[in-house]
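K.L.:
One structure is given below, represented as structure tokens, and several questions about it will come after.
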Amino acid sequence: MKRASLKQIVRLSAAIGLVGLAFFSQPAFATIRYQISLAHPEQHIFQVSMQVDARENDGDVTVALPAWDALYQIRDFSYRVRDVHATNLAPEATALRVQKLDKQTWQISLSASSVRTVNIAYSIEWNEPGPFSSQLNSHHAFLNLAQALMYVPDRRGEDTVVLFSGIPDGWRTIAALPAGSVPNSFTAASYDALVDAPVEAGKFDEFEFDSGGAHFRVVVDAHSYKKGTLENALKKITAYQLQLMGGPPFKEFTFIFHIGPYSEIGAGGGMEHMNSTAIATGSLDSAISVAAHEFFHVWNVKRIRPQSLEPVDFSKEQYTRALWFAEGVTSTYQYYTLERTGLWSRDTLLGDLAEQVCELEARQARRWQSAEESSMDAWFEKYDFYNRPDRSIWYYNKGQILGVVLDLEIRDATDNRKSLDDVFRLMNEKYARQGKFYDDSTGIRSAVEEVAGTSFQSFFEKYVSGTDAIAYDGFFGAGGLVLKIEKQDSADYGFWPSLTLNGMVVAAIESGSAAEAAGVKEGDVLVELNGEPFPRRFTTWLGGQSPGQNVNLRARREGEEKVFTFALGARSDQRCFITEVPRPTERQRRVRDGLLHGTTD
């Protein structure tokens with residue numbers, strides 16, 4: 001690529017900033033201003049212009065692009081950036097020297113004291129579906145702003161504004177941010193607040209409703225869906241959780257849904273934000289389930305937040321021991337919400353819990369990796385090897401189980417007068433509403449002990465920071481529940497699937513298996529199984545199959561698709577069931593009903 005001349009640079013900067021120049025120049029607006037052009041969606045390139053008012057005595061301006069966002073993975077978004085250049089907009093447009101300092105940082109030299117407004121322009125390419133990535137194509141745009149907008153490291157607390165230009169005909173834009181003074185613009189009190197609100201642009205469906213003293217906007221990008229079903233479910237989910245937590249900490253909340261045939265991790269799941277969430281799933285039922293999880297994040301992790309995640313460091317890994325609580329126990333409340341609102345049956349809740357127990361017990365790593373260590377090691381999840389059952393457990397999985405047994409233990413210790421619900425309400429008052437953050441380990445435990453009125457030191461040492469086998473019989477028994485684990489021969493793929501950023505992949509293959517003989521290799525991206533998207537709950541799918549049954553597997557390897565036909569193997573497996581004691585004691589009945597209904601005595 002040829003290097004642009006000075007005149008070309010100035011002309012390009014002026015072209016990018018032309019739509020918003022008058023808008024940006026008004027002193028009543030933010031000191032850091034962005035413009036993002038969507039003019040050429042078929043190229044998947046966001047054209048970005050960033051204007052920064054130079055401070056007195058500034059000899060240079062340093063800007064950086066986050067190394068991570070939305071996932072606990074260093075993804076180095078700067079590798080997508082091209083053609084970074086800068087100009088001085090006043091008193092006359094002149095090019096400024098740009099020097100790259102490291103993989104994600106640039107320095108703009110202010111050669112003269114007359115430089116008052118610096119314009120940094122660049123382009124960044126994205127065409128990966130949300131909610132964890134960003135995308136621009138002829139259908140729509142979805143943007144996690146931290147993946148495209150640079151920031152001034154020592155000025156993240158200043159007012160910001162972003163303007164979208166070049167919007168295709170018929171498209172609208174939406175984000176959980178205050179509207180700017182012109183259409184398609186949004187304001188925020190800081191860079192952090194700006195990038196904590198994803199943006200959707202396109203021809204989406206939209207509806208609104210009020211619940212629990214707050215207003216809700218729902219954006220849906222789907223070929224078809226049942227609006228009434230989604231709206232009814234969201235009303236139940238929001239009403240229950242708002243009542244549980246004592247009302248909304250916001251005036252307005254936005255749900256962004258992408259519902260369609262998403263078969264890869266990049267387009268599956270949900271991402272929490274302070275006043276919104278982005279959710280991408282393959283079905284309406286799954287979208288509703290994920291919504292129950294993401295909405296509880298309004299409190300747990302977004303406002304009831306571990307100190308180790310504050311302030312956010314966009315430049316490197318940020319370690320916390322609390323993801324078992326922030327994510328795993330949020331899953332506990334995801335399924336509590338679904339059952340307590342009638343969207344799930346109690347059998348579905350207990351069946352899911354049993355499946356979680358089986359998943360944990362099938363992982364040999366449970367004997368040496370604790371819930372806290374799994375939280376710390378979240379940054380390894382992008383490596384296939386790490387996800388093997390003999391290498392790691394998952395803080396979502398064990399955290400969800402710990403949430404239930406912790407709830408049962410609190411109820412048992414207080415004769416069902418208190419519960420885990422009370423712990424969250426206490427932490428909401430003590431931390432979220434006071435603008436404070438809890439210590440990763442002692443903050444959670446101290447809140448539990450304050451609610452229960454007794455020591456939980458042994459519980460946390462054994463099951464949170466330790467690796468003792470969970471005493472299921474004792475915990476479940478307090479609520480009149482029984483865990484049964486049955487050994488049986490079951491079908492086996494002949495390899496171990498693992499969910500990664502690249503999709504479901506073969507993390508390990510069994511030597512001598514039929515899959516290996518058919519040509520399946522470690523690292524293959526699993527696309528389809530018997531003509532359907534490869535199952536996310538792959539162990540559940542295997543439960544309905546028989547050893548020796550032929551399967552057709554479609555996979556992707558180095559950009560090429562391959563098809564394999566082989567017979568499922570056999571392995572000695574276990575199935576888990578949680579049932580209710582047919583004749584519970586009066587105390588067991590009260591604890592069990594309290595757990596299922598979210599009540600105390």
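K.L.:
Quick one: residue 239 ticks every box in (1) touching a Gly at 6+ places or on another chain (Cβ under 7 Å); (2) under 19 Å from residue 129 (Cβ atoms); (3) in a helix (DSSP H, G or I); (4) of a type outside the set (S, T, N, Q) except a single one, so which number is it?
P.N.:
(2)
K.L.:
Right, something else. Just to be sure, is residue 232 out of contact with any strand residue (DSSP E or B) (no Cβ under 9 Å at 6 or more places or on another chain), among the polar types (S, T, N, Q) and either at pLDDT 95 or above or within 23 Å of residue 136 (Cα to Cα) (or both)?
P.N.:
Judged against the criteria, residue 232 is a match.
Conditions (1) more than 23 Å from residue 476 (Cβ to Cβ); (2) assigned to a loop (DSSP other than H, G, I, E, B), marked per residue:
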| site | (1), (2) |
| --- | --- |
| 279 | yes, no |
| 311 | yes, yes |
| 318 | yes, yes |
| 331 | no, no |
| 338 | no, no |
| 355 | no, no |
| 358 | no, no |
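K.L.:
If you don't mind, another one. Provide a single number: the residues in segment 540-556 that are exposed (fewer than 15 other Cβ atoms within 10 Å of the Cβ) and either of a type outside the set (Gly, Ala, Ser) or over 22 Å from residue 283 (Cβ atoms) (or both).
P.N.:
Residues meeting the conditions: 7.
K.L.:
Further question on the same structure: Which condition number in (1) in a loop (DSSP other than H, G, I, E, B); (2) on the phi < 0 side of the Ramachandran plot is the one that residue 563 fails?
P.N.:
(1) is the only condition that residue 563 fails.
K.L.:
Follow-up question, since we're still on this one. Quick one: residue 215 ticks every box in (1) outside the structural domain of residue 38 (by TED's automatic domain parsing); (2) touching a helix residue (DSSP H, G or I) at 6+ places or on another chain (Cβ under 9 Å); (3) exposed (fewer than 15 other Cβ atoms within 10 Å of the Cβ); (4) not aromatic (Phe, Trp, Tyr) except a single one, so which number is it?
P.N.:
(2)
K.L.:
Of all residues in segment 422-448, count the ones that are part of a helix (DSSP H, G or I), of a type in the set (Asp, Glu) and in contact with a helix residue (DSSP H, G or I) (Cβ under 6 Å, 6 or more places away or on another chain).
P.N.:
The number of residues fulfilling the criteria is 1.
K.L.:
What tally of residues in segment 404-427 results from selecting those that are under 24 Å from the mean Cα position of the chain (by Cα) and more than 19 Å from residue 323 (Cβ to Cβ)?
P.N.:
2
Residues checked against (1) in the same structural domain as residue 105 (by TED's automatic domain parsing); (2) crowded, with 24+ Cβ neighbours inside 10 Å; (3) under 23 Å from the mean Cα position of the chain (by Cα):
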| site | (1), (2), (3) |
| --- | --- |
| 120 | yes, no, no |
| 123 | yes, no, no |
| 126 | yes, no, yes |
| 134 | yes, yes, yes |
| 143 | yes, yes, yes |
| 148 | yes, yes, yes |
| 154 | yes, no, no |
| 158 | yes, no, no |
| 169 | yes, no, no |
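K.L.:
At least 1 residues that are of a type in the set (Ser, Thr, Tyr) and closer than 30 Å to residue 290 by Cα in each: list the strands (runs of 3 or more DSSP E) lying fully within segment 458-538 that qualify.
P.N.:
481-492, 495-500
So that you can scan it fast, the table gives a plain yes or no per residue for (1) touching a residue at least 40 places away in the same chain (Cβ under 8 Å); (2) surrounded by fewer than 18 Cβ atoms within 10 Å (Cβ to Cβ):
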{"position": "434", "(1), (2)": "no, yes"}
{"position": "465", "(1), (2)": "yes, yes"}
{"position": "476", "(1), (2)": "yes, no"}
{"position": "479", "(1), (2)": "yes, no"}
{"position": "482", "(1), (2)": "yes, yes"}
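The values are calculated or read from the model by the stated rules, or taken from the named source; none is laboratory data. All figures in this text were calculated on a predicted structure; none of them were measured in a lab. Every residue, glycine among them, receives a Cβ derived from its backbone with ideal geometry; neighbour counts consider all protein chains shown.
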